[in-house]
Amino acid sequence: MRTYLVTGGAGFIGSNYIHYMFRKYGDAIRIINVDKLTYAGNLENLKDVEDYPNYTFIRADICDAETISRIFEENDIERVVHFAAESHVDRSIKNPDVFVKTNVLGTLTMLNAAKAAWELPDGSFKPDHKFLHVSTDEVYGSLEEEGEYFYETTPYDPHSPYSASKASSDFMVKAYMDTYKFPANITNCSNNYGPYQVPEKLIPLMINNALNGKSLPVYGDGKNVRDWLYVEDHCKGIDMVQEKGRLFETYNIGGHNEKQNIEIIHIILDTLREKLPDSDPRKAHITEDLITYVTDRKGHDRRYAIAPDKIKAEVGWYPETMFAEGIKKTIEWYFDHEDWMKNVTSGDYQKYYEEMYKS
Ligand code: NAD
Ligand code: TYD
């Protein structure tokens, strides 16, 4: 039985990844999920796996070197999949410090613990032990021209404190690969959407606001472009890179699903109207009148777009879920999980929302 250490597994992508891996490998794997449970971590996301004998949750901070090292000492961990991070650009603009702590220093702690556990006396590493660092396309900066794409060779040019911290963590992983031949890969993925995403990010925020008759805050002119990938496709890509990719390589993962923010909002409104029965009182207020243009995000990147040519050629991965299908599945999931949304948006979320969107 192969043992995985997943960091940040109680967050959006991490919890989808844990579900994906148990669906795919069942009893053939064991997963240890290490998560600090910040505002973004939610054990409700993992309710259906929490009793599995091959699943363990440990509440810990990835910056806590002693605890992380102990987890490596007590378990023969063969795979690390490192998701844990502060992930929201708007929060990074307000409070960059925690982004450096978790994303940069936390990644360094993970690297040091894995290196100490896996390094052999001759400086080589235990065979078939691998670390995958989950990163973002935002490290490449912003594209202006249509037809331009981010490749693995595109120079890093991060703008936000979030993307700068992720770029720093990527460089640290690269330094360990280059210096020690530490067995790792980096994946840089485009914007994800799907179940379990906290409604501080564009898609779940717009779904939740529309359902509650609240205004839909569009930053700037609404024409910024993101390349949207259904989260399960990302999870599959991570697993394929770790099992079939070449060690020490970076792979871009992207959807070829470029859309302007305002297009996304229209699609969400159309889909909500299509899915809600006429008898549902919420249907009446789900109109374009909710769209409200607000002050632009500081340093707002204009366009992200991934060329996933390398991962397709070397690993055989491609995005399987087209946006039209993925957004329907996502909206259905939010319809079926109203309690999840209620719990996530109670308490601190209200405070965050009022502070963030005060006019
Ligand atoms: P998220 O914010 O939903 O979840 C992050 C998780 O990490 C939470 O469970 C949180 O509790 C945990 N965490 C935060 N700080 C921690 C710490 N110090 N110690 C231990 N756990 C901690 O994030 P997400 O959207 O699931 O993103 C996961 C990873 O994927 C991140 O590294 C992010 O940079 C990357 N990524 C995200 C996207 C996207 O669109 N969401 C796209 C590309 C890459
Ligand atoms: P977001 O989901 O925060 O992801 P990222 O900034 O990491 O790409 O934002 C996606 C896009 O949506 C981005 O261009 C900013 C925009 N946006 C809004 O227009 N309004 C909002 O309330 C939010 C949260 C985002």
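The values are calculated or read from the model by the stated rules, or taken from the named source; none is laboratory data. Everything numeric here is computed off the predicted structure, so don't read it as measured data. When we count neighbours, we look across all protein chains shown, and the Cβ atoms used for this are built from the backbone with ideal geometry, even at glycine. Calculation scope for accessible area: heavy atoms of the full protein, side chains included, ligands and nucleic acids excluded. Shrake-Rupley method; radii C 1.70, N 1.55, O 1.52, S 1.80 Å.
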Please work out which residue is nearest to ASP339 (Cα to Cα), limiting yourself to the stretch 7-45 and to residues that are among the aliphatic types (A, V, I, L, M) and more than 10 Å from ligand 1 (Cβ to nearest atom). ILE18
Residue pairs qualifying under the 9 Å Cβ cut-off, at least six apart or on distinct chains, with the first in the stretch 287-311 being closer than 24 Å to VAL89 by Cα and of a type in the set (S, T, N, Q) and the second being surrounded by fewer than 17 Cβ atoms within 10 Å (Cβ to Cβ) and modelled with pLDDT of 95 or more, are THR292/SER215; THR295/TYR219; THR295/GLY220
Requiring at least 1 residues that are within 16 Å of ligand 2 (Cβ to nearest atom), the helices (runs of 4 or more DSSP H) wholly within the stretch 1-107 are 12-25, 89-94
Which residue out of ASP221, ASP278, ASP233, ASP270 is outside any loop (DSSP other than H, G, I, E, B), over 30 Å from HIS129 (Cβ atoms) and not hydrophobic (A, V, I, L, M, F, W, C)? ASP270
For ALA307, are the conditions met, namely being under 20 Å from the mean Cα position of the chain (by Cα), more than 15 Å from ligand 1 (Cβ to nearest atom) and not acidic (Asp, Glu)? yes
Specify which of the listed residues (VAL98, VAL139, VAL134) is surrounded by fewer than 21 Cβ atoms within 10 Å (Cβ to Cβ), within 30 Å of TYR304 (Cβ to Cβ) and aliphatic (A, V, I, L, M). VAL98
Some residue of the stretch 180-201 being in a helix (DSSP H, G or I), within 21 Å of the chain's Cα centre (by Cα), within 16 Å of ligand 1 (Cβ to nearest atom) and buried (at least 20 other Cβ atoms within 10 Å of the Cβ): no
Looking at MET206, MET172, can you tell me which residue is touching a residue at least 12 places away in the same chain (Cβ under 8 Å), open to solvent by 10 Å² or more (accessible area, probe 1.4 Å) and assigned to a helix (DSSP H, G or I)? MET172
